[in-house]
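**Q** Mind having a look at this structure? Questions to follow.
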Amino acid sequence: MPVLAVLSTMLVASSLAFGQPSPPVANLAPNLAPAEIQRLFDAFVLVQAQESLTLTDDQFGPFVSRLKRLQDVRRRNEQGARRLLRAAQRLASQPNASDELLQGELDTLDDHQQAAGESERAASAELDQILTPNQRVRFRVFEQRMERRKLELVMRAGRTRPAPAPQRRQRPDPRR
């Protein structure tokens, strides 16, 4: 990944963190894949968390690994839920989909969401083990703030990106 793109993305993220206006996102990192942007934001969250929570040197190493695990658990759970929901949506769009099949898809989605909640709570509990109660409270507030900043970043990126050109349907060639 080009260094300029990484630095540009971090610049945007840090300007959000400090409430300063940022340059247009589309101009800074036009070729970054969503997964790359997510990884950069995760790294930014880690740096900001260290400062926000005033982690000790002894806490920092375990915090990094446990925060990364929590982020991975959340990401896998979200991807799994999206996959199951797409499958249910495809089935629901078929004219011959029975209620029993649809209920089975919904049950699978519900089971996934319950398991996802349990795995996220377990990962959060592991992270909480190394934090003081004061840091745990600050971490909860910090997570909300970071989620809000991520949404702001996505909104800014959407506003600065040019609209895609409309797709034109090709008319069938009457000579064929």
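**Q** Provide the per-residue ³J(HN,Hα) series for segment 142-151, in order, calculated from phi with Karplus coefficients 6.51, -1.76, 1.60 and θ = phi - 60°, each as a whole number of Hz, with x at glycine and proline positions.
**A** Those phi angles translate into 4, 4, 5, 5, 5, 5, 5, 5, 5, 5 Hz.
**Q** Under a point spin-label approximation (7 Å from Cα along Cα-to-Cβ), what is the Glu78-Leu151 distance to one decimal in nm?
**A** 1.3 nm
**Q** So, in nm, how far is label Ala35 from label Gln144 when the simple model puts each one 7 Å beyond its Cα toward the Cβ?
**A** Computed distance between label sites Ala35 and Gln144 equals 3.3 nm.
Values in this text are rule-based calculations from the coordinates and carry no lab data. None of these values were measured; they are calculated from a predicted model. Here the Cβ is made from the backbone with ideal geometry for all residues, glycine too, and neighbour counts use every protein chain on show.
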